[in-house]
Amino acid sequence: MPAEYSSQPTTNQIRAWLDAVPDPEIPVISVVELGIVRDLQWLADACEGEPELLVAITPTYSGCPATDVIAGDIEQALRAHGIQRLRLENRLAPPWTTDWITASGRRKLRDYGIAPPAERAAASARAAGSNRLPPVIECPRCGSTATVKISEFGSTPCKAQYRCGDCLEPFDYFKCL
């Protein structure tokens, strides 16, 4: 490890490093803010002596094409900080949910022009089943709720395309998953 890290870095320090790793599809939000980094822990290894860092990541959906890029970016960031023994693990269960996006991540999405899902929206949608009303989507540009879905599919599979009835601007909505 570099000289400035003479002892093993804490998982809080590592999480801070990973908070600087942007999502490749939405570069204003980090993989930590998006909720992709699910677990960080040091694993003791009696044979090797030096502990191994386990980083568990959960992709936004199982077929997400950015998963390999995200894993590579995480590995590159940690190696740059001197982490030698590293294990990246994909965890598909429990499945990723938009409820895992942090408050700062939601603000960054909105500021970038993407309407974030309402907090706990995914959990309430699953609980309500098929008898639920469509969500009220707020325009990230003007804040209006006079919005209409143009397409279920936006710039990436996890987003839908909407248009604001007041400012008339189109925007992506991060779907509740």
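So, in segment 61-86, exactly how many residues are among the charged types (D, E, K, R) and outside any helix (DSSP H, G or I)?
The first filter runs over segment 61-86 and keeps only residues among the charged types (D, E, K, R), leaving 68, 73, 75, 79, 85.
In the following step, the residues that additionally are outside any helix (DSSP H, G or I) were identified as 85.
Residues flagged as among the charged types (D, E, K, R) and outside any helix (DSSP H, G or I) within segment 61-86 amount to 1.
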In segment 16-60, anything within 13 Å of the chain's Cα centre (by Cα) and part of a helix (DSSP H, G or I) is listed as 18
Among the candidates 134, 95, residue that is at pLDDT 90 or above, part of a loop (DSSP other than H, G, I, E, B) and loosely packed, with under 15 Cβ neighbours inside 10 Å:
95
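Let's see how each residue does on (1) modelled with pLDDT of 95 or more; (2) more than 14 Å from the chain's Cα centre (by Cα); (3) outside the structural domain of residue 32 (by TED's automatic domain parsing):
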site: 85; (1), (2), (3): no, yes, no
site: 140; (1), (2), (3): yes, yes, yes
site: 144; (1), (2), (3): yes, yes, yes
site: 154; (1), (2), (3): no, yes, yes
State all residues of segment 58-92 that are in contact with a strand residue (DSSP E or B) (Cβ under 8 Å, 6 or more places away or on another chain) and either exposed (fewer than 13 other Cβ atoms within 10 Å of the Cβ) or among the polar types (S, T, N, Q) (or both); if no residue qualifies, say none.
58, 67, 79, 87, 89, 90
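The values are calculated or read from the model by the stated rules, or taken from the named source; none is laboratory data. Because the structure is predicted, anything quoted here is derived from the model rather than measured. Virtual Cβ from ideal backbone geometry, glycine too; neighbours counted across all protein chains shown.
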